[in-house]
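The values are calculated or read from the model by the stated rules, or taken from the named source; none is laboratory data. This one's a predicted model, so the numbers in the text were calculated from it and none came from an experiment. Heads up, the Cβs are rebuilt from the backbone with ideal geometry, glycines too, and the neighbour counts pull from every protein chain shown.
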Amino acid sequence: MSNHEKKELKTPPVLEGYLFPDFNEARKARDENRLLSLRVETSLKCNLKCGYCYRESGEASPEEMSYEELIAVIDQAYLLGARSIVIIGGGEPTIYEQFRSLVTHIHSKRMIPVVITNCQTMTKSLAGFLFEKNASVLIKLDSLRENVQDTLVGVEGAFKQIQKGLSNLLEAGFDSTGKVRLGASFVINRLNVDELEDVWRFLRNKNMFPNLETLTPHGRAANYPEWLLTQDEVQALKYRLLALDEKEYGYTWNPYTPLIGAGCRQLEYSCCITVEGYVRPCAAVHIDHLNVRPGHEKAVTLADSIHDPFIHRARHAEEFLQGNCGKCEYKTNECIGCRGCAFALGVLNGMDIFDAIVLDDPYCTKYKEAN
């Protein structure tokens, strides 16, 4: 028996500011119509061409909010109690012209800037700047094999730049703060599934948060149906990683939650603002019917958007879940399934958006196994 097995298993740490796993804290914020976090897109401009990109990023959109409008929305989130701003980009946030000003503003409000980056421009200077601004950084790392990584992101040489950028972040001190301020996003698909355990160990050994996401048929990913894994394959991966974590690192977690090893209830305490100013319950729920852009002719405030019937339904999903998700004992405090996957499946099949957002998670096998 290993030393880890002799100790009581623990819940693994999460990336600072990226998730708020305390159920009571998240539920209290939701019920008081507050936010703990806000996800924002800056621009669709990107220096990669990822085959799985849900936003089909590449060129900037003429509809993008101005920097001043984006700051105004972030300030509204601050007044609603947000403790972090997750800069998901839309495209690549570090090439956004006002990126450093944006991070500096978030930091000045004593919120955590969480930067999701493909790491192509992560110089020593930028890594040092982000460290000084108390940022958390989530890099792209879909593979430890150069040819696979470059294929997935559509640009030769991307793998080498990722490794160089990661080295700069580690040198800046991101792995030695006592907290988890560095992580990597790994989109699971047919091309990289065989190296999942290797990537997981690589990240755990560097005190990095593993953000392993299941490929969903949004945007550009709809062009690669052959990359999608089956329900059973995804669940088998979860079991393998859980066994690995318990044996080698002393961590344990629910093997049914959509974000592997961490769960995901961000719809309850967060939302996503697109480059055009549309509010989405999360980045994976593609709906553009409510706009908070200050200059929009039908703009609403971020506070008002929380009361929108569809947003309300998403934030209170456990009250409306259908099928097996609706019967699941975990829905009250651990898991509501991936609402993004459920929504995408429902909409693709012509369902009403209110029904689609509370469908069964198509990747969960809990009840299938029970039967």
- Item | Checklist (1) out of contact with any strand residue (DSSP E or B) (no Cβ under 6 Å at 6 or more places or on another chain); (2) farther than 26 Å from Met122 by Cβ; (3) modelled with pLDDT under 95; (4) crowded, with 17+ Cβ neighbours inside 10 Å applied to Val234, failing item | (1)
- Task: Return the only residue of Asp308, Asp352, Asp360 being within 24 Å of Ser61 (Cβ to Cβ) and of a type in the set (D, E, K, R).
- Result: Asp308
- Task: Tell me which of these Thr252 doesn't satisfy, since it passes every other one: (1) within 29 Å of Gly346 (Cβ to Cβ); (2) modelled with pLDDT of 95 or more; (3) not hydrophobic (A, V, I, L, M, F, W, C).
- Result: (1)
- Task: Looking at (1) farther than 30 Å from Glu25 by Cβ; (2) modelled with pLDDT under 95; (3) of a type in the set (A, V, I, L, M, F, W, C), find the lone condition where Ile162 falls short.
- Result: (2)
- Note on the structure: Over region 314-345, the set of residues surrounded by fewer than 23 Cβ atoms within 10 Å (Cβ to Cβ) and on the phi > 0 side of the Ramachandran plot is Gly323
- Note on the structure: The number of residues in region 266-293 that are in contact with a Ser or Thr (Cβ under 9 Å, 6 or more places away or on another chain) and hydrophobic (A, V, I, L, M, F, W, C) is 8
- Within region 250-284, the residues that are more than 25 Å from Asn324 (Cβ to Cβ) and β-branched (Val, Ile, Thr) are Ile273, Thr274, Val275, Val279
- Out of the residues in region 258-283 that are touching a strand residue (DSSP E or B) at 6+ places or on another chain (Cβ under 9 Å) and small (Gly, Ala, Ser), which is farthest from Asp31 (Cα to Cα)? Gly261
- Task: Answer with yes or no whether Ala243 is aliphatic (A, V, I, L, M), more than 18 Å from the chain's Cα centre (by Cα) and under 19 Å from Val14 (Cα atoms).
- Result: yes
- Within region 293-307, restricting attention to residues that are in contact (Cβ under 8 Å) with a residue 12 or more places away in the chain and in a loop (DSSP other than H, G, I, E, B), which residue is nearest to Ser270 (Cα to Cα)? Ile306
- Task: Could you tell me which numbered condition Glu329 fails, if it satisfies all but one of (1) free of Cβ contacts under 8 Å to residues at least 12 places away in the same chain; (2) of a type outside the set (A, V, I, L, M); (3) closer than 22 Å to Leu348 by Cβ?
- Result: (3)
- Pick from region 9-61 the residues that are part of a loop (DSSP other than H, G, I, E, B) and of a type in the set (Val, Ile, Thr): which of them is surrounded by the fewest Cβ atoms within 10 Å (Cβ to Cβ)? Thr11
- Note on the structure: Among Leu182, Leu130, Leu138, the single one that is under 14 Å from Pro113 (Cα atoms) and out of contact with any helix residue (DSSP H, G or I) (no Cβ under 9 Å at 6 or more places or on another chain) is Leu138
- Test Pro362 against the stated conditions and say whether it is within 21 Å of the chain's Cα centre (by Cα) and within 23 Å of Arg55 (Cβ to Cβ). yes
- Message: I need a count of the residues in region 346-361 that are under 17 Å from Arg280 (Cα atoms) and surrounded by fewer than 23 Cβ atoms within 10 Å (Cβ to Cβ).
- Response: 7
- Task: Quickly run through region 181-199 and pick out the residues that are touching a strand residue (DSSP E or B) at 6+ places or on another chain (Cβ under 8 Å) and outside any strand (DSSP E or B).
- Result: Arg181, Asn192, Leu196, Val199
- Does at least one position in region 181-188 carry a residue that is in contact with an Asp or Glu (Cβ under 7 Å, 6 or more places away or on another chain) and more than 28 Å from Leu130 (Cα to Cα)? no
- Query: In region 190-208, how many residues are buried (at least 21 other Cβ atoms within 10 Å of the Cβ), over 14 Å from Arg145 (Cα atoms) and modelled with pLDDT under 95?
  - Reply: 0
- Please identify the pairs in which a residue from region 126-146 that is within 16 Å of Pro93 (Cα to Cα) and touching a residue at least 24 places away in the same chain (Cβ under 8 Å) has its Cβ atom under 7 Å from the Cβ atom of a residue that is among the polar types (S, T, N, Q) and part of a loop (DSSP other than H, G, I, E, B), counting only partners at least 6 apart or on another chain. Lys140/Asn118
- Item | Subset of region 272-313 [within 19 Å of Tyr67 (Cα to Cα), surrounded by 18 or more Cβ atoms within 10 Å (Cβ to Cβ) and either in contact with a helix residue (DSSP H, G or I) (Cβ under 8 Å, 6 or more places away or on another chain) or modelled with pLDDT under 90 (or both)] | Ile273, Gly277, Val279, Val292, Arg293, Leu302
- First in region 176-191 and free of Cβ contacts under 8 Å to residues at least 24 places away in the same chain, second anywhere and among the acidic types (Asp, Glu), Cβ under 9 Å, 6 or more apart: Thr177/Glu16
